[in-house]
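J.: Below you will find the structure I want to go over with you.
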Amino acid sequence: MTAAPSQQSDLELVGRVAKGDRAAVRLLFMRHHARVYRFVARQTGSESMADDIANEVFLELWKQAPGFEGRSQVSTWLLGIARFKALSHLRKRKEDWIDDADAAAVPDTADTPEVAVMKDNKASALRGMVNALPEEQRSVIDLAYYHAKSVTEIAEVLSIPVATVKTRMFYARKKLGEALQSAGFERGWP
Amino acid sequence: MSESEPTNLSHRDEMETLLPFYLNGTLEGADLAAVEEWLATDPTASAALGEAEAEFSGVSAANEAIRPPTDALSRFNKMLDAEAGRERAPAPSMLARIWDGFLAVPSTVAWGAAAAAIALLMVQTVLEPGRPGENFEIAGTDEAAKMPFVFVTFKPDATIADIAAFLGDNGASILAGPVAGGVFKVGIEASTVDDYDRIVGLIAAQPFSETVVPGRKPADGG
């Protein structure tokens, strides 16, 4: 018996998309659009860019579905497409791309967390500190915490080695810990 | 900050690096065993886990604060149409085509033609059971499939409560529908043609009934 559409796996839906089924691509859009949109918005800092890119990602899904072999999760595949497109858009706009080497020179945007600390709100402070991380560290944090991706999947989405994922995670968490401590919160590490 | 791996990582550093993946459930193998052992044996580990959980909440909140536009799907549909060409409307069902044709001709002629059209529909349904989108299942072995019935459409302002109450009081019930055109198949608990005609007449006289087309009559009606 064929599963009801709502019960079909992402992989099954991609199979239907590959055969030209538009209802299947719409279902995948409804399942994944918000996360793709947020991922791009966090990378680019632009919701209008995220809007354009997220739609492009699902058009790519429509075009590339016949070639999808299911070696990774559909959500990982979509985030990888989103990452590639976001980078392309940023390059086209000639915006500066922040890499880890540049990140050290990024002005500390600790004001926002400090304001939150004044309100004695650790959660808000932490949220501001996460937002203030260098983009490439924040992407790793987002992909692990919000998108529930493994080390290997993050490596795939970002097209970086597994070891680099761990390195970025180490520095991101270390920086968060230091920021919390400097804001007066108890923290056992680093 | 460089991409190079940090040197001289302590065991604590390594565990702190893995904690997010422990929390999101993707850690496995030796890494999972190492974190579980650390959590079980190091008194500082539970506090570290708490800190990671706080980060988890903060990151989730930061992401959820971003609201995608509500019209994203409709705009994507337009892009998809532009990319793949406009989607064809599904072919109308046989009943919808009969019904549309029925409504398009003068009523005196249409009512006369209706019996033949519905007979055609019945034959088609028996020959092609289980067509997608058709709720009718005239062929069957249960009592409902054998009982006399009538085709009915109800006025747009009819309420289900009124219809259900009337049908229940008069030995009738909805067997199937609606199909395209809003047509319902209503079963009639009548053992004679006279009873059947009386109940069908009552249905037709109700303010919620729009059109009533006789279907199968009791066996003594031939």
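J.: In this structure, is residue A:114 at pLDDT 80 or above and either surrounded by 14 or more Cβ atoms within 10 Å (Cβ to Cβ) or polar (S, T, N, Q) (or both)? Please lay out each step first, then the result.
T.: Numbers: at pLDDT 80 or above: no; either surrounded by 14 or more Cβ atoms within 10 Å (Cβ to Cβ) or polar (S, T, N, Q) (or both): yes.
Here the answer is no, as residue A:114 does not meet what is asked.
J.: So, in the range A:155-174, of the ones that are facing chain B (nearest Cβ under 9 Å) and among the β-branched types (Val, Ile, Thr), which residue ends up farthest from residue A:137 (Cα to Cα)?
T.: Only one residue tops the list, namely A:160.
J.: Another question about this same structure. How many residues does the range A:159-174 contain that are surrounded by fewer than 19 Cβ atoms within 10 Å (Cβ to Cβ), part of a helix (DSSP H, G or I) and not β-branched (Val, Ile, Thr)?
T.: Total satisfying the criteria: 2.
J.: So, in the range A:52-95, how many residues would count as being within 20 Å of residue A:138 (Cβ to Cβ) and assigned to a helix (DSSP H, G or I)?
T.: Residues flagged as within 20 Å of residue A:138 (Cβ to Cβ) and assigned to a helix (DSSP H, G or I) within the range A:52-95 amount to 19.
J.: Scan A:23, A:34 and give me the residue that is surrounded by fewer than 19 Cβ atoms within 10 Å (Cβ to Cβ) and at pLDDT 95 or above.
T.: A:34
J.: Still on this structure: Given the residues A:180, A:176, A:126, A:133, which is the only one that is within 17 Å of residue B:14 (Cα to Cα) and touching a residue at least 12 places away in the same chain (Cβ under 8 Å)?
T.: Sole residue among the options that is within 17 Å of residue B:14 (Cα to Cα) and touching a residue at least 12 places away in the same chain (Cβ under 8 Å): A:176.
J.: When the range A:12-41 is examined, which residues are found to be under 12 Å from the mean Cα position of the chain (by Cα) and facing chain B (nearest Cβ under 7 Å)?
T.: The answer is A:34, A:37, A:38, A:41.
J.: Kindly establish whether residue A:177 is at the interface with another protein chain (Cβ under 8 Å from one of its Cβ atoms), buried (at least 19 other Cβ atoms within 10 Å of the Cβ) and at pLDDT below 95.
T.: yes
J.: For the range A:122-137, give me the residue count where each residue is buried (at least 21 other Cβ atoms within 10 Å of the Cβ) and basic (Lys, Arg).
T.: 1
The values are calculated or read from the model by the stated rules, or taken from the named source; none is laboratory data. Keep in mind the model is a prediction, meaning the values are calculated, not measured. Note that each Cβ is placed from the backbone with ideal geometry, even for glycine, and that neighbours are counted across all protein chains shown.
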